[in-house]
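Asks: Structure provided below as structure tokens; questions to follow.
The values are calculated or read from the model by the stated rules, or taken from the named source; none is laboratory data. It should be emphasised that the depicted structure is a prediction, and the values quoted were computed from it without experimental measurement. With ideal geometry, Cβ positions are generated from the backbone for all residues, glycine too; neighbour counts draw on all protein chains shown. For accessibility, only protein heavy atoms count, side chains too; no ligands or nucleic acids. Shrake-Rupley method; radii C 1.70, N 1.55, O 1.52, S 1.80 Å.
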Amino acid sequence: MVENFNLVESLSHPLTMDSSDPPFQETYKALFKKLANKALTMPVIVEERDLPVIDLGQLSLNKEERRECKLEIARASREWGFFQVLNHGISREILEKMREEQVKVFREPFKKKSREDKYLNFSAGSYRWGTPSPTCLRQLSWSEAFHVPLSDIISGTRGGNSTLSSTMEQFAGTVSNLAQNLAEILAEELGHKSTFFMENCLPSTCYLRMNRYPTCPISPDVFGLMPHTDSDFLTILHQDEVGGLQLVKDGEWIAVKPNPDALIINIGDLFQAWSNDIYKSVQHRVVSNSKRERYSTAYFLCPSYDTVIESCNWPPVYRSFSFREFRRQVQEDVQTLGHKVGLPRFLV
């Protein structure tokens, strides 16, 4: 057995005052001590595969090609729960500027970032890192994020970091239009010409999340982001070339091959419930990396907390529930169990 005494000892050293990394070592010291008599986990080889790639440029072509594009979107949502889109309408310039500003803000000292309400003028609680109450290392997410309500972003340059704010506003504006279009297409493919998403998923209820995954000295014992499903209708993700995103397909974990020209779309829990299990919200995770840090930006299409989610077909698989009730249940499970349960709590 290769023991980890030196590794644990190095993890116990406190961070310097100007370190950009969150204090994982100090906060989760008790969990790291369990590594002392444990062999290093060998990385599990996971097959890297391309997600279905859909060219949204077809939506502006003739009737047949528009129809085929919509069918591809619905098929990928049923069979994968994930797909990639090209010609998505978000310029490379906006994506590159978003990444540039994101890197700058995450490289600020931790103590500065954690005062996000004063430093960036975001709502208190927007800055998050780690996991609230892990009972073991596999429940710890080695990452940090700014989870920002779009209402904060729409306020524009009302203070804080104005360059970041204006870039986020540009990004969110274009991505929110894409999310609405995709939601309408998916509803239409279920036979519902629905205004539900336009009426309930407003800029004031959606979120933008900037993620950073610092290099992790105990990879692969710790996830960058532990396995989960998303608690929204749709997520739109832009990731860098580092890779690390994995998802479950046919009962096996697969690694998503990065595509710099594509955005990744995935179905969330609310769309699975609304579609009566036709569209799939699948488990995904981010694996940590001992050599390279990773960045991504995600847009979450969410309704207001009072919005009631009902299955669109009969008989319903899930009972009706409000988004507030769903979020409360998720938070309770994470606090008490260390992980999310999600939709199984709401089965009829």
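Asks: Could you tell me the center-to-center distance, by alpha carbons, between the range 166-186 and the range 284-304 in angstrom?
Replies: 18
Asks: Each residue of the range 236-249 in order: what ³J(HN,Hα) in whole Hz does its phi give by Karplus 6.51 cos²θ - 1.76 cosθ + 1.60, θ = phi - 60°, with x for Gly and Pro?
Replies: 10, 10, 10, 10, 7, 8, 5, x, x, 6, 10, 9, 8, 9
Asks: Amide H neighbours of Leu140 under 5 Å, counting only residues 5+ apart in sequence or on other chains, H built in-plane at 1.01 Å?
Replies: Phe223
Asks: Through the Karplus equation 6.51 cos²θ - 1.76 cosθ + 1.60, θ set to phi - 60°, convert the phi angles of the range 280-290 into ³J(HN,Hα) values in whole Hz; use x for Gly and Pro.
Replies: Whole-Hz 3J(HN,Hα) from phi for the range 280-290: 10, 8, 9, 5, 8, 7, 10, 7, 6, 9, 7.
Asks: Follow-up question, since we're still on this one. In percent, how large is the relative contact order of the range 75-144, given Cα pairs closer than 8 Å and 6 or more residues apart?
Replies: On the way: 33 pairs, mean separation 9.9, N = 70.
Relative contact order here is 14 percent.
Asks: To test your reading of the geometry: what angle, between 0 and 90 degrees and rounded to tens, separates the Cα axis of helix 92-106 from the longest principal axis of the chain?
Replies: Between helix and principal axis, roughly 30 degrees.
Asks: Once Rh for the chain is found with the Kirkwood sum over Cα pairs, what is the Stokes-Einstein diffusion coefficient at 4 °C and 1.567 mPa s, in µm²/s?
Replies: 61
Asks: Among Ala145, Gly81, Val46, whose Cα sits farthest toward the positive end of the charge dipole of the chain (+1 at Cβ of Lys/Arg, -1 at Cβ of Asp/Glu, about the Cα centre)?
Replies: Checked the options; the winner is Ala145.
Asks: A further question on this structure: Can you show me the helix-derived [θ] at 222 nm for the chain, built from DSSP H runs with n ≥ 4 at -39,500 (n - 2.57) apiece and divided by the number of residues, rounded to the nearest 500.
Replies: -9500 deg cm²/dmol
Asks: Okay, moving on. Skip the ligands, DNA and RNA, and give the accessible area per residue of the range 228-348 with a 1.4 Å probe, whole Å².
Replies: I get 41 Å² per residue for this part.
Asks: Here's something else I'd like to know. What is the range 147-224 by shape, rounded, prolate or oblate, if you read a ≥ b ≥ c off the alpha carbon gyration tensor as root eigenvalues and call it rounded for a/c under 1.5, prolate for a/b larger than b/c, and oblate otherwise? Present the calculation step by step, with values, prior to reporting the outcome.
Replies: Numbers: a/c = 3.19, a/b = 1.34, b/c = 2.39.
Here the range 147-224 falls in the oblate category.
Asks: Can you list the HN-Hα couplings for the range 120-134, worked out from phi with the Karplus curve (6.51, -1.76, 1.60; θ = phi - 60°), rounded to whole Hz and with x for Gly and Pro?
Replies: Running phi through 6.51 cos²θ - 1.76 cosθ + 1.60 with θ = phi - 60° gives 10, 6, 8, 4, 4, x, 5, 7, 9, 7, x, 9, x, 8, x Hz.
Asks: Any idea what the relative contact order of the range 44-85 is, in percent, if you count C-alpha pairs under 8 Å spaced at least 6 apart?
Replies: Relative contact order comes out at 46 percent.
Asks: Of Ser176, Leu71, Leu164, which is farthest towards the positive pole of the chain's charge dipole, taken about the Cα centre with +1 and -1 on the beta-carbons of Lys, Arg and Asp, Glu respectively?
Replies: Farthest towards the positive pole: Leu164.
Asks: Using a 1.4 Å probe on the protein heavy atoms, what percent of the accessible area of the chain belongs to carbon and sulfur?
Replies: With neighbouring chains kept in place, the figure for the chain is 51 percent.
Asks: A further question follows. Ranked highest first by the average count of other Cβ atoms within 10 Å around their residues, in what order do 101-110, 208-217, 139-148 fall?
Replies: Packing order, densest peptide first, comes out as 139-148, 208-217, 101-110.
Asks: Considering only protein heavy atoms, with the full assembly of protein chains and a 1.4 angstrom probe, order Arg345, Arg49, Arg99 by accessible area, largest first.
Replies: Values: Arg345 110, Arg49 80, Arg99 40 Å².
Descending accessible area places them as Arg345, Arg49, Arg99.
Asks: What residues have an amide H closer than 5 Å to that of Leu234, excluding those fewer than 5 places away on the same chain, when H is modeled at 1.01 Å from N in the peptide plane?
Replies: Answer set, sorted by chain and number: Gly268, Leu301.
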